[in-house]
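Peer 1: Questions regarding the structure given below will be posed in turn.
No lab work stands behind these numbers, since they all come straight from the coordinates. Keep in mind it's a predicted model, so treat the numbers as computed, not measured. As a convention, Cβ positions derive from the backbone with ideal geometry for all residues, glycine included, and neighbour counts pool all protein chains shown.
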Amino acid sequence: MICKFDQNMIQDYLDERLSPEAKAQVDQHLAECETCRREWVEMNNLKQLLFGLPEEELPEGFQEELHEKLLDAAVEKSEAPKKRKWGNGHFRRHIKAYGAVAAVVLVGVVGFNAAMDQLNKGAFENVAPMMAATAPAEPVPSPQRTMGTEDTAVGMAPEAEKKAMAPNSADSSSMPAYADGGVVATAPPVTTGAGLQERKVIWNGSAQLETVNYDKTLNDLTALAKGLGGYVENMDTSLIRSETPGEKSLKQGSITLRIPQGKFMETYQGLEKYGKVTNQSMSSEDITLQYRDTYNQATNLEVREKQLRQIMTQAKTVPDILAVDSELSKVRGEINQLKGTLQQWDQLVQLSRITLSITEVRSVGTQVSGLDKNLFTRTAEGFIKSINGVVALGENLVVVMAALLPWLAIGGVLVWAFMKSNRKHNWLKRFKS
Amino acid sequence: MTDSEKLWLARSREGDVPSFEKLIERYQKTAYNISLRMMQNPEDAKDATQEALIKAFRSIQGFRGDSGFSTWLYRIVMNTCKDELRRKQRTRTISLDQGAEGEPGYRPIELADETLSPETLMEQKNIRSQIQSAIRELPEANRSALILRDIQGFSYEDISELLNCPVGTVKSRINRGRQIMRQQLTGTLATEGGRV
């Protein structure tokens, strides 16, 4: 006869894990139920028996054997290649040595940096301008042009080109990820209108310029953009306060130009006219596929819209009309969204972006535009610069020494006082062997 | 952990054997007994215990000090016994599989005759060997749980940590183990109890 009483509870009762109330419950049941009581008795006896099993002693020779084996293991441990170099013993023992080495390295690095700063401070060095990615490029295969340039129903006029100069217009579209690095194409394909036939490529360029006349450079660039049919997207300028009093503060800043795609290349390569180019790079992103997809999507939706309008004329009942209407507005909304994206892309494609950061300098060596200097001139400049650097370093050392003088004085006084007292009391006795 | 234990622990990590031996001194008897119940014979138990202790020595860096040292040590002992049992299982040719009641192969172990004192010792020994056999027949999971609970007296929580499974699982393993043993020893248990 199997009892329906919770066996788990009986087990817990056996293990004395029950609350007093639960315990009382089980007590009562056991008093009543023969089957469970018998089972409980046996279980309890089993428990007692098990618990009563004597604890055996370790066999003879156990500890000696173990000792031998442990010694073997210890030897293995020390011989094994130390994977973790910073195990407690090693690191702790040599911590002083490591610390000293680290300190010396640190001081060396800081000192070296300081020295370098001094050398560089005088004049701007004639670092050969890094013309990245201006190697003559392979010509890009000419874009496939299909018949004509039909303005399709998508109907986006290239408004961007007609835009007047719009300073400080914050463009919300972020810089697109750069697709390929090195290959530079020749003149990017001309886009006519908003058709699908050409490749859609977004061009971006950036450069760093140095100039002796910041304002002039800025104006020149602005005029350039305007003249080519583009505009200035944004610009900002700030002053670097000069350290020597009486000297004019230098300006530095950046300017972002939007140049029509067709003129991008010539502008990019002609930046030297506006300042000394110390750094230059460009990249392109081909969004033809995405553009095409979106375009097709929009077209399909427009077809759908047409169909819906057809259905609308046939709709008789009010619920039908309402249903079609809601569908229509949904479709129209999607179309507008897609068109908006296409428009944005068109803007980015048609007007390439060139970002320039301009720094005003006092003098740019002997020539502003010359890129080739003969060896002698460069040597002379380098030599003069180093002399300036040494002089500057010397000046700084003098300053530092002067600054430390008060501390040295105090230190000296303390040492003198200590020596005097030592003569009297002989503290240093124990160091004299 | 006491301060001296912490010291021994630190030295053991550096590979000092005597410190390790001091550290495990109070646990090794229990470790041996656990192995004994698991492995069922003194030879295997000795091997398993030593093996486990050496493993503990080798991996003492891995002891993080969050669980108790004994728990960590016994866990290694348990795992070593489990591995050893599995190894032996593969080489065992005859399986004395004695199932629970109702299953094929079930042979209830007969109760020895109840006699008076002179034979009591013999009887006790007999009962003990019966229990040993019964334990041997338990599946490994139930055996380990039962040994730890009813023979060694660990709490459910300790066992859960040791065997690395939830308390509920521990409980059911113990219960099942007790059930199996009860069925095997049913005659003996009905009358013997607390007289071992």
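Peer 1: A:Thr278's amide H: which non-local residues (gap 5+, or another chain) put their own amide H closer than 5 Å, with H modeled 1.01 Å from N in plane and none for Pro or chain starts?
Peer 2: A:Gln208, A:Leu209, A:Glu210
Peer 1: Once you have the Kirkwood Rh of the stretch A:272-324 from its Cα pairs, apply Stokes-Einstein at 20 °C and 1.002 mPa s and quote D in µm²/s.
Peer 2: Values: Rh = 15.7 Å.
For these conditions, the coefficient is 137 µm²/s.
Peer 1: Convert each backbone phi in the stretch B:54-63 into a coupling constant with the Karplus relation 6.51 cos²θ - 1.76 cosθ + 1.60 (shift: θ = phi - 60°), then list the ³J(HN,Hα) values in order as whole Hz, x for Gly and Pro.
Peer 2: Whole-Hz 3J(HN,Hα) from phi for the stretch B:54-63: 5, 4, 4, 4, 5, 9, 5, 4, x, 6.
Peer 1: Based on the alpha-carbon set only, what is the convex hull volume of the stretch A:10-68 divided per residue, in Å³? Kindly include the intermediate steps, with their values, before the conclusion.
Peer 2: Values: hull volume 6.1 nm³, N = 59.
Value for the stretch A:10-68: 103 Å³ per residue.
Peer 1: Please report B:Asp47, B:Asp3, A:Asp346 as a ranked list, fewest other C-beta atoms within 10 angstrom at the top and most at the bottom.
Peer 2: Working: B:Asp47 15, B:Asp3 7, A:Asp346 21.
The most exposed by this proxy come first: B:Asp3, B:Asp47, A:Asp346.
Peer 1: Among B:Leu36, A:Leu58, A:Leu301, rank each residue by its count of other Cβ atoms within 10 Å, from fewest to most, as a rough exposure measure.
Peer 2: On the way: B:Leu36 24, A:Leu58 17, A:Leu301 20.
Least crowded to most crowded, the residues run A:Leu58, A:Leu301, B:Leu36.
Peer 1: OK, next. If I model the stretch A:220-315 as equal point scatterers sitting on the Cα atoms and use the Debye formula, what is log10 I(q)/I(0) at q = 0.14, 0.20, 0.25 Å⁻¹?
Peer 2: Result of the Debye calculation: -0.78, -1.07, -1.27.
Peer 1: Quick query: amide H of A:Glu56 versus all other amide H atoms, modeled in the peptide plane; which residues come in under 5 Å with a sequence gap of 5 or more or a different chain?
Peer 2: Excluding prolines and chain starts, which carry no amide H, there are no hits.
Peer 1: In addition: Listing B:Cys165, A:Cys36 from the residue with the fewest other Cβ atoms within 10 Å to the one with the most, what is the order?
Peer 2: Values: B:Cys165 14, A:Cys36 18.
Least crowded to most crowded, the residues run B:Cys165, A:Cys36.
Peer 1: Tell me which GluC sites (Glu not before Pro) from the stretch A:195-284 have a DSSP coil assignment and no more than 14 other beta carbons within 10 Å of their own. Numbers along the way, then the final one.
Peer 2: Details: sites: A:Glu198, A:Glu210, A:Glu233, A:Glu243, A:Glu247, A:Glu266, A:Glu272; in loops: A:Glu198, A:Glu243, A:Glu247.
Passing sites in the stretch A:195-284 are A:Glu243, A:Glu247.
Peer 1: Residue by residue through the stretch A:49-54, what is 3J(HN,Hα) from phi via Karplus (6.51 cos²θ - 1.76 cosθ + 1.60, θ = phi - 60°)? Round to whole Hz and write x for glycine and proline.
Peer 2: Coupling constants for the stretch A:49-54: 4, 4, 5, x, 4, x Hz.
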